[in-house]
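As structure tokens, the structure follows; a few thoughts come after it.
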């Protein structure tokens, strides 16, 4: 066997008596670039220069800050579009709060007598959010009030991003804001005209102020005290989250200044909030409403299994990410992306305490409603705790993605899952109540000023009819309460009151919402309408919701002439 060199870049061994030719590649050194020689190439041309320290600095530079803000703006745009895609007529709570606001404006600013007794059963002060909502309604209608809720929810997401960035970094803050922005409660409240969006914004603002001022002067936490007290005034149940923001202040101040200074700041903040809330309770009559709607609320009949399932599907994904973030953050403070450098990290106990505090807050609303055995408004209330669990969820997503964006596909998959859940669940919850867009024109044909009506629903239709000057809330009776003065001057309530009023022909019209599972009072009213001989069924309108189907019934007195066609 002889050896020959084959043409090209590789040499091999060749056996003329064999058909097998083995080629062994020859390793050659680097070749000079065209037009250069090896003498002209220095070692500096082959070695990367030193990366400046500012490239690894934990403090954001100007470029990094603007990139983060641009991404946050994109997230807020997506959140706004997903909330605005929801459509339905006014829900009974939306209509009631706007009406209460108009009544309070007339009482506070125009000397009109106070009526409605809102302070006795509202779960928030009727002089705060309802007045603001009524003022916006006068200028822009229900759409304007819902847009105000959207502004509050966008502000909550922005504040969440800001205080998460101060606790961790920009990437974690963006991930936390992203996963919170697409939860069903965030999307739902962004187009729902109740006080929840405002209360959530004020709660986020309180947390942001305390995280920002914690390392500063000991008196600065007093700046958050009025905001925290206003949050409780807007919605009484918000007080459930004040211990969380107070402990968050303690942790942030302790990490920077030590235990004594942290407790000092917490005491100042707590004293300020207690003084303001105490003054509010002493100067108003809201204590009974707080008891009936919050602290001593009546228990329901919802099963434990159903409540746990609702909590899991509405907040389980974010909570699981927050739990993962707590575990990983406790084990290791950072991702170790900085080569050859170790930054000072908070102690492990501090990291564990922060994770448990933020993640555990997500359990407050579910635990309270499980205690009450009620699912009413759970899809809204669960969002309060998710606001605080979102930073740890951002940590969990950040760790799943890894250093230098090593596994972005994991975050994309989780994001798609969260987006799918949020869109489908918010659409379902927004379609629970029936659309009254067909009912209102039918009522407008029959309702006349001064007439007395019985209705369920009545808040939404009356809201639209009041704008046309056809009626007002004082002329309507709901299926939840009646005080009817019957023959002989007897005051009748409950089933007896409804039966007597219908038999006497006291109502000028009745609206019934008849579904597959009617309530006891609805069934009583319908049976009485049929048997009294005083009313006739004038109109039946079929509707469909996200949970079933039903129809509206409009009953008119027999003496009334048939409605003319539109």
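Readers should treat all values here as calculations from the given coordinates under stated rules, not as data from a laboratory. In this text, all values refer to a predicted model and were calculated from it rather than measured experimentally. A quick note on method: Cβ atoms are made from the backbone with ideal geometry, for glycine too, and the neighbour counts reach across all protein chains shown.
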**OP:** Arrange 330, 206, 157, 485 by Cβ neighbour counts within 10 Å, fewest through most, would you?
**Re:** 485, 330, 157, 206
Subject >> Contact order normalised by residue count of the chain, Cα under 8 Å, 6+ apart, percent >> reply: 12
Subject >> Angle in degrees between helix 408-430 and the longest Cα principal axis of the chain, rounded to the nearest 10 >> reply: 10
**OP:** Note the full-extension length gain between residue 332 and residue 77 as 0.36 nm times their separation in residues minus their Cα-Cα distance, in nm to one decimal.
**Re:** 88.4 nm
**OP:** Can you pull the one-decimal nm distance between simple spin-label points at residue 558 and residue 303, each 7 Å off the Cα toward Cβ?
**Re:** 4.6
Subject >> Approximate spin-label separation residue 110-residue 352, in nm, with each point projected 7 Å along Cα-to-Cβ >> reply: 6.2
**OP:** Describe numerically, in nm with one decimal, the distance between label points set 7 Å from Cα along Cα→Cβ at residue 256 and at residue 285.
**Re:** 4.5
Original post:
If you work out mean projected area of the Cα convex hull in nm² from the coordinates, which of (1) 26.7; (2) 24.5; (3) 43.0 do you get?
Top reply: (3)
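If R₀ is 25 angstrom, what is the calculated FRET efficiency for the pair residue 296 and residue 274, using the beta carbon separation as r and rounding to 0.05? Don't jump to the answer; show the numbers that get you there.
Working: r = 21 Å, r/R0 = 0.84.
Once rounded, the FRET efficiency stands at 0.75.
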Original post:
What's the angle, to the nearest 10 degrees (0 to 90), between helix 520-532's Cα axis and the longest principal axis of the chain?
Top reply: 40
Original post:
Roughly what % of DSSP beta bridges within the range 439-557 run antiparallel, to the nearest 5?
Top reply: 75
Original post:
Can you give the angle from 0 to 90° between the axis of helix 242-257 and the longest principal axis of the chain, with both taken from C-alpha atoms, to the nearest 10?
Top reply: 30
